[in-house]
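The values are calculated or read from the model by the stated rules, or taken from the named source; none is laboratory data. Everything numeric in this text was worked out from a predicted model, so none of it was measured. Positions of Cβ are generated from backbone atoms using ideal geometry, with glycine treated the same way; all protein chains shown enter the neighbour counts. Only protein heavy atoms, including side chains, enter the accessible area calculation; ligands, DNA and RNA are left aside. Shrake-Rupley method; radii C 1.70, N 1.55, O 1.52, S 1.80 Å.
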Amino acid sequence: MALRPNHPDTLSAASVLFFNLGQQAEAFQLGRQAARLDPLNPATQIDLSLMFFFSENWAEGEQAARRALQLSSAGHGYHAVLAWSLIVQKRFAEAEAELAFEHSEIERLNGLGLLALGRGQTAVAREHLASLENLAGRDPDRADLQQSIAWLCAGLGEVDRAFAALEK
């Protein structure tokens, strides 16, 4: 940040780092500054959306994800991130529609599993988990795949399996 204090990508990356360190006020300040400096950068918007989501500010997370999608409808995971905010708001039909547009198979399967959990359909969630685990059998070292498995395992109450996936 000392070398590029007003560079949007630097500010956005720093905002994610601060968020992950538990310094939310600084994270949102930097994230918003990055978005002001480069309002056409969808990655900055999706970073803000994720921070809002994990701060349980579902409406702001939804808005930032929608801005990211307006800028880049083909962004990796963007439709899934929007679907997450819709799922926790119990807007299941909208979430399902967004997931139909998701390009990433991993993100789509994870989102469908989370949607099933939101609807109370544990058997369906387990089917999506099985699909993710099948993919992991071919490519076990993918962090995004293991994270998706962990999310669904945690949602199903299988904490040990969730941690095992995260350790991978």
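Data for the structure
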| item | result |
| --- | --- |
| Distance between region 73-142 and region 41-59 - C-alpha centres, whole angstrom | 17 |
| Whole-number accessible area per residue in Å² for region 51-90, which is evaluated in the context of all protein chains at 1.4 Å | 44 |
| The chain, relative contact order [Cα under 8 Å, separation at least 6], % | 12 |
| Reported label for calculated Rg and Dmax of the Cα atoms in Å given (i) 31.2, 118; (ii) 16.4, 52; (iii) 17.2, 63 | (ii) |
| Highest-MSF residue in the chain out of 102, 133, 158 [GNM, Cα springs under 10 Å] | 158 |
| Order by protection proxy (mean Cβ within 10 Å, highest first), peptides 55-67, 138-150, 37-49 | 37-49, 55-67, 138-150 |
| Listed peptides 87-94, 2-9 by packing density, highest first (mean Cβ within 10 Å) | 87-94, 2-9 |
| Whole-percent carbon and sulfur share, accessible surface of region 52-125, 1.4 Å | 52 |
